[in-house]
Structures are given as structure tokens and as C-alpha cells.
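The values are calculated or read from the model by the stated rules, or taken from the named source; none is laboratory data. All of these numbers come straight from a predicted model, not from anything done at the bench. Ideal geometry is used to build each Cβ from the backbone, glycine not excepted, and the neighbour counts take in all protein chains shown. Ligands, DNA and RNA are stripped out before the accessible areas are found, and what is left, the full protein with its side chains, is counted by its heavy atoms. Shrake-Rupley method; radii C 1.70, N 1.55, O 1.52, S 1.80 Å.
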Amino acid sequence: MALVAQHHRESSSGSIDRGHLDAGKYVRYTAEQVEALERVYAECPKPSSLRRQQLIRECPILANIEPKQIKVWFQNRRCREKQRKESSRLQGVNRKLSALNKLLMEENDRLQKQVSQLVCENGYMRQQLQTAPATTDGSCESAVTTSQHSLRDANNPAGLLSIAEETLAEFLSKATGTAVDWVQMPGMKPGPDSVGIFAISHSCSGVAARACGLVSLEPIKIAEILKDRPCWFRDCRSLEVFTMFPAGNGGTIELLYTQIYAPTTLAPARDFWTLRYTTTLENGSVVICERSLSGTGAGPNATAASQFVRAETLPSGYLIRPCEGGGSIIHIVDHLNLEAWSVPEVLRPLYESSKVVAQKMTIAALRYIRQIAQETSGEVVYGLGRQPAVLRTFSQRLSRGFNDAINGFNDDGWSVLSCDGAEDVTVAINSTKNFGTSNTLQMLGGILCAKASMLLQNVPPAVLVRFLREHRSEWADFNVDAYFAAALKSSSYAYPGMRPTRFTGSQIIMPLGQTIEHEEMLEVIRLEGHALDNEDAFLSRDIHLLQMCSGIDENAVGACSELVFAPIDEMFPDDALLIPSGFRIIPLESKSNDVQDALPAQRTLDLTSSLEVGLATTNHAVGSVSTSYTARSVLTIAFQFPFENNLQDNVATMARQYVRSVISSVQRVAMAISPSGSGPSLGPKLSAISPEALPLAQWICQSYSYHMGAELLGGDSMGGESVLKNLWNHHDAILCCSVKSLPVFIFANKAGLDMLETTLVGLQDIALDKIFDDSGRKALDSELAKIMQQGYAYMPGGICMSAMGRHVSYEQAIAWKVLLDDENTVHCLAFSFINWSFV
């Protein structure tokens, strides 16, 4: 039979292949020959010429095949493999687009129903307004009275089943219906490359977020992952199933007690007492829905929940629908009432923002499931030979250890150490913490944690965290890192007699892995160190840290940014002991879209130089950046230190001083990266921040001496920037306010900023009368005339309020007029708060 080159093909069985030899000729391969070639292809898809010749020699069945024919066979085989992979990829994209199109059509139907409902309500309201009588009577009360749920015994299975069925109906109406007015999550546009479609509530009780997306896992597997909330929800401390019994349709009803970490040291943690209902619908969809049960005393005893505020879960859950061609479509709804009343007013946006709930819970759940799906399919590759499950465990342990340090729960063994003076840094100790089977801390007395929270103004959290990650030498003391790391090696470098080591200040970042959208990175950091003496000079002094960085995408609205790290051994095992420390920055207000577009992604790369030259260079460096960024954020810092029993006091002092120095460094960095260039700064840099700072410091000191007949700075006669530096570091809190009908603060030294828990920028938003209580305001009003006439006045001790809502006590306050150089013009009023401390 004649064979023509234009009509070559393989047999349907796949056991015959033809390779091109020359024009017009083909060769037919036997099944044995194809099998031999496939074995080689599996080991080496692109063999060299020598390898092909060796193959012919080693396989007698290929003896009649020329090397050129073998080469053509491998070329054809690679081409078919590439086509098969491309076809599979395109089929996957097509399935995803089809599923997204289905979701968008469902969303469009929901919106059309919502529009129709609003039109009907609008027509009804118009009719009511036109026919409403001029007067009203008590009968109108019945029109606005909402139906109340009948009381049911939570211990009665029939009553719980009734609650479960109501929860299911309400959840489905939120997931696919019009029960909540959903709007698109800012910055999360749907598309073929997006994780899913995200929305937040526009106006409803509590805060709510919704997500839907396609995942290549079966519904049952997804349900198992989502029900194990602590594995993917980083803020979940624990979830305990108290009761479980079967319901209809093969479903189950569970009574759950859940504890949620507080994100900062300034707010209490939350707990929930909920009913969770799992069932399967007629169309094969799996539903997991949940709601809070009434009764503040429900759940564990009051002692176990003493450090928690009981929050409420409104009908929420997961709808998991099997998808044609494999995989599942997931609908997620999170609807919460986080009891914002229980936190300081400045933090309430954190508990009243649907964007924060979306980032922390809704989007996090969908991303985690997609991560598991890609790891299962082998699409994700990690460094240093670590398995994905091991690296996920490391990330979870870092996050959990950092949250434990911030919250300091009593049942974990934490207790707060008392300290004298201003409690700007809280120090807690834990001598009973269970470190598992590790023998590393056998000789240590426990863990000591120094932590603090502060308010940042006009500082993009993502930019700040990127800078802290890339420029560790700008804020860290490597000798403290050395102590920290050495303490984990059987306490070989006991504090304070650490072996002398010189660090280069450089760090080497070795990536371990990152999530599919790069919102979280896990890496090993190596800090290079060298011995200062010849003793043991051959031993490595390098420090290794396991570090997790997240939230560095500036367009992620409502996302928190973190940098958490823990010292590790160079070849850390899978069960390595981790004692995390780090930073967490949570935005309190959302950015405008203009600011999101204006902030460049890599702006931190040139900031090191700007930290050395003050404001002028900083403003030049960020001159192209929009200055309309006015959002606030709260920064929480927590550092943990192992200690020996006999060194507890020394380590506590060192920890407190170190965290204060880190705070000062972070404030300096924040000033440099603030788009407005007016962030906080320290020490003599104040003269670079504000041209008025230096003469103002001189006027404050001169006016004090003029009125009081004494030197404010203890007789220090130095002038110039020395006056400003000494005033800035003065131990008493010194505040200056404008002379207006509504006085606001215009300057404070470091102690004043610490007392008010604010920054130089945030200081300008604080009015004088807002910091005093009623007795303090009365004392000020009675002394104000005396201050203006006599020039000064002594005010009795009392209580004032910081910007974070904390009470501050002071033994005495001195107020005086600040005069200009002519000693006639009153520039402002100054206050000195003596021996202040947080209550």
C-alpha cells in the first residue's frame, strides 16, 4: 500500500506511530517499540544524539530504526504532549469561564429581582404618602411591630431543628437571594484570573460579606475544610463542638463554642455560642449554615469566657454546589455583629467594617480552599524541599503564637508584670506555657512578652510592612536577635553576657513558598554575623529567622499587613520550636480609589536614604505620590523573649527598652514613607520636620523661666537644637495648644505623644477640652483667667483621656503662656503633666 506524506496518521489503538524519515517515506512502529520509546521519554523527553544511539544499541527491537527516525519520534511525542497540556488548560479555562458566567447570570437575576422589589416598595411608599392622614394614632404601632421568634428550648432537638431550618432559609436568601443589599467589594473585580466574585453589605444590621467562586475539589472535601475553621481562619483561637446529633436528610446539628483573637492589645477578644446545621439539598448541594443562639449565659462557664465579649453570628454559612465537569461552585456568607460598643471609639471602624470581615474571613476561606486545590493538583512548588502541608503548619504556628502573645490569655498562663511610670509598653510573663516535647527550653524559666499599640496617621500599612521586611537594620538590634536565637540553644548565651559578635547589617531572604495570589509569603532570613575575637572564630554566628509577611498589596481594601518572625536553627525540623514576634498594622479607614491608583508598588526601595536627610528629601522622594491619603491605622508590636529564672528582671527591663526603641524607629520610618511627609519623628530631627519646632522650643523654655522663675530643663543653658532635643526627651509630658475659641494641640514632646497615644499629625485633631474629665475642665476654666493675667497657674492632679480612650492620671499640671521673643505676644498655652501614668 502506498503511503503519502500529506496523509499520515496513527492507528486508533495508539500502539502504532510513524516517524518522518525523508520525503514520501514512513516507518511503522510495533507496540513493543513504542513501549520502549515511551519508557525513555518518561525519563528524558529530549535525549541527546549519543543517548539515542545508545538506546538503539541497548534495545534490539529498535535495531532496524535509524537515529534520525528516533529523533523525529521524540519531536512528535513532545509536540503531542504540549498539545495535550494546552488542550487540558483551555478546557479548564473554558469550565471556569462557564461557571463564572453562570454566577454572573445568577447575580444579574438577583439584582433584577431586587430592582423590582425596590420599585414596588417605592410605589407603595408614594401611595402611603399621598393617602396618609394628617394625624396618627396608636394603631400605627402594629404596623411597625416585627414578629418575634417564639422561645424554644435549646436542649430540645425539635426546637433546635426548627431553628436550623429557619437558619437555612435565611442563609440561602442571603447567598442567592435579595435578603441583603450587596455591593461589589472595592478592588475585587470578577474575571477569568480572579479568585471569585466578592461583595459587601451596603446597609444592614451588623457587618456582612459574600463570596462565590469555582474550586476544583469535590463538595464533601470542601465541606470538611470549611468546618475546620481554625485551619484557615487565622483569628480563630479555638472551636469546640459541645453537642452533635443527626437531623433529617442525613444532616447534623451541632452546638459550637468559638473563641476569636483580638487583633490588638487595645480591645478584648470575642467568643460565639452558635448552632451549625449541615445538610444536603435535593440538587446535591451541600449546605453548612450557622447562627448564634440567644442567651448571654449560654455555652461554657463565665470563668472560661471572662476575657471575651460575646458577639453574634447572624445566619451565615456555605453553599457548595457540584459543578458539571468536576469541581464545585462555593457561595460563602459571613454576617456578624461584633459588638463595637466594647472597644475604644478610635477602633470602632475595625468592628463596623464589612471590608475587614471580607478580607479576614470570606476571602480568606475561598483563597485557602483554592490553595489546597492547587497543591493537590501539583501546581504549587515550594522551596527547600518542604511539603505544602508542613509550610502551612509553620505559617499557622507563627500566626497563632503571635496572636497568643498579643492577647495574653490567663488560661494560657500569661500574667501582666507591674511597672512604674508610663505603661506605654505592657510586659507579660508566662512560666507555664507548654512547649510540647521539645527539650530546647528545659533550662529556661519561661517566655516574656513586651507589647504595645499605637495610632498611625497617613501611613500606608502595606508600604510600611514592606519597608520593615526589606530594611531590618533600620529598626532591629541584631545583638538582641542574637540573644533571642542563642536562648533557644540550651541557653548557651545567657543574658546579659552574650558573646561579642559583629553583624554586617545585611540579610539574605530565602523564599520557602507563597500563596497563589502572593498575599502571604513564608521565608527564611539569614543575618550574617562574625566573631570579634579569635576564640571559636570558625563557628558560624549567623542568625536564622522563619518569617511570614502578608498584606503587602496596597490595593487590598481592608486587609491587615503583618510581619511575623521567629528564630530557628539553620536546619530546622518540621516540629521546630517557634516563639514569634512582629508587627501588625490594621487600617481603620478605607483609602479612596484615587489614592489606590496613585501609590506606586515599589516605593519603599529608595526610603533608606530619605531617613537620613529629613523632610526635604522625603517630600522630594514622594512628591509624585498623591497627598490625599488621610487614612488611620493601628500598629501593634509584640516581641517575645525566653528567659532564665534568675534573669527575669533583667530581661524584662531589656525587653521594655528594646520595644520602645523599635517604636521610635518605626515612627521615624513612618514619617519617611508618609505621602504627606508629616508623620512622626524623634529627637533632633524635629527641626527638619517643622521650621517652627526650634523657635517654639526656645519660646516654651523662655516663657516658663519668665513666669515661673525657674529653668524648665534643669538649668541647661545650651541653645539651638540642644534645647529642642532636651525638651523632646523631657520626662514630663509637655503639650502646647493654640489660643483660639476651640483650642487644639499644636505641639507635644515625646512623653506628651506617649501620654495621648498619638502622633504629631494626629495631635492636631485633638481639642484641649477633650482630654480632661469634668473636674479637669472645671479646674481649667477656673484657672484660665489667672493664666492669662498672671502668666501661669498650678492645676491639681486628676484624670485625662488619651486618643485611644485610655485613662491617664497625673499628680499635678502646670499651665503657662508661651510668649514670643518680644515677650508681649501670646503664641500658645503650654501644659506640663507631672508624674503621669496610665490607670
Which order do 825, 279 take when ranked by solvent-accessible area (1.4 Å probe, heavy atoms of all protein chains), largest first? 825, 279
Placing unit charges on C-beta atoms (Lys and Arg positive, Asp and Glu negative, everything else neutral), compute the dipole magnitude of the stretch 720-779 about its Cα centre in debye, rounded to 20. 160
Let's test the formula: R0 of 60 Å, r as the Cβ-Cβ distance of residue 82 and residue 307. What FRET efficiency results, to the nearest 0.05? 0.55
Listed peptides 402-409, 646-653 by packing density, highest first (mean Cβ within 10 Å): 402-409, 646-653
Rounded, prolate or oblate: which fits the stretch 220-263, taking a ≥ b ≥ c as square roots of the Cα gyration tensor eigenvalues, rounded meaning a/c under 1.5, else prolate when a/b beats b/c? oblate
Between residue 184 and residue 106, what length comes free when the chain is fully extended (0.36 nm per residue of separation minus the Cα-Cα distance, one decimal in nm)? 26.6 nm
Hey, can you find the accessible area per residue of the stretch 783-838 for me, probe 1.4 Å, expressed in square angstrom? 43
Residue-ordered couplings for the stretch 773-781, obtained by feeding phi - 60° into the Karplus form 6.51 cos²θ - 1.76 cosθ + 1.60 and rounding to whole Hz (Gly and Pro as x), are 7, 4, 5, x, 5, 5, 5, 5, 4
Keeping all protein chains in position, work out how much accessible area residue 170 exposes to a 1.4 Å probe, and write it in Å² to the nearest 10. 60
Calc'd 3J(HN,Hα), the stretch 651-666, phi into Karplus 6.51 cos²θ - 1.76 cosθ + 1.60 (θ = phi - 60°), Hz, glycine/Pro = x, comes to 5, 4, 5, 4, 4, 5, 5, 5, 5, 4, 5, 5, 4, 4, 5, 5
Based on the Cβ-Cβ distance of residue 376 and residue 807, what FRET efficiency does E = 1/(1 + (r/R0)^6) give at R0 = 56 Å, to the nearest 0.05? 0.60
Please report, in debye to the nearest 20, how large the charge dipole of the stretch 742-839 is about its Cα centre when each Lys and Arg carries +1 at its beta carbon and each Asp and Glu carries -1 there. 160
Dipole axis of the stretch 186-285 (+1 Lys, Arg; -1 Asp, Glu on Cβ), positive-most option in 204, 236, 283: 204
Residues in the stretch 53-71 near a label at residue 43, defined as backbone nitrogen under 13 Å from the 7 Å Cα→Cβ point? 53-59
In debye to the nearest 20, how big a dipole does the stretch 249-367 give about its Cα centre with +1 on each Lys and Arg Cβ and -1 on each Asp and Glu Cβ? 180
For the stretch 41-100, with +1 on Lys and Arg beta carbons and -1 on Asp and Glu, the positive-most of 62, 47, 76 along the dipole: 76
Hey, how many Å between the Cα centroid of the stretch 23-73 and the Cα centroid of the stretch 731-806? 89
Per residue, how much accessible area does the stretch 215-334 show when a 1.4 Å probe rolls over the protein heavy atoms, in square angstrom? 37
At R0 = 56 Å the Cβ-Cβ FRET efficiency linking residue 664 and residue 571, nearest 0.05, sits at 0.95
Which entries in the list 227/451; 227/355; 750/778 go over 31 Å, if you measure between the two C-alpha atoms of each? 227/451
Heavy atoms only, probe 1.4 angstrom, no DNA, RNA or ligands counted: give me 804, 708 ranked by accessible area, highest first. 708, 804
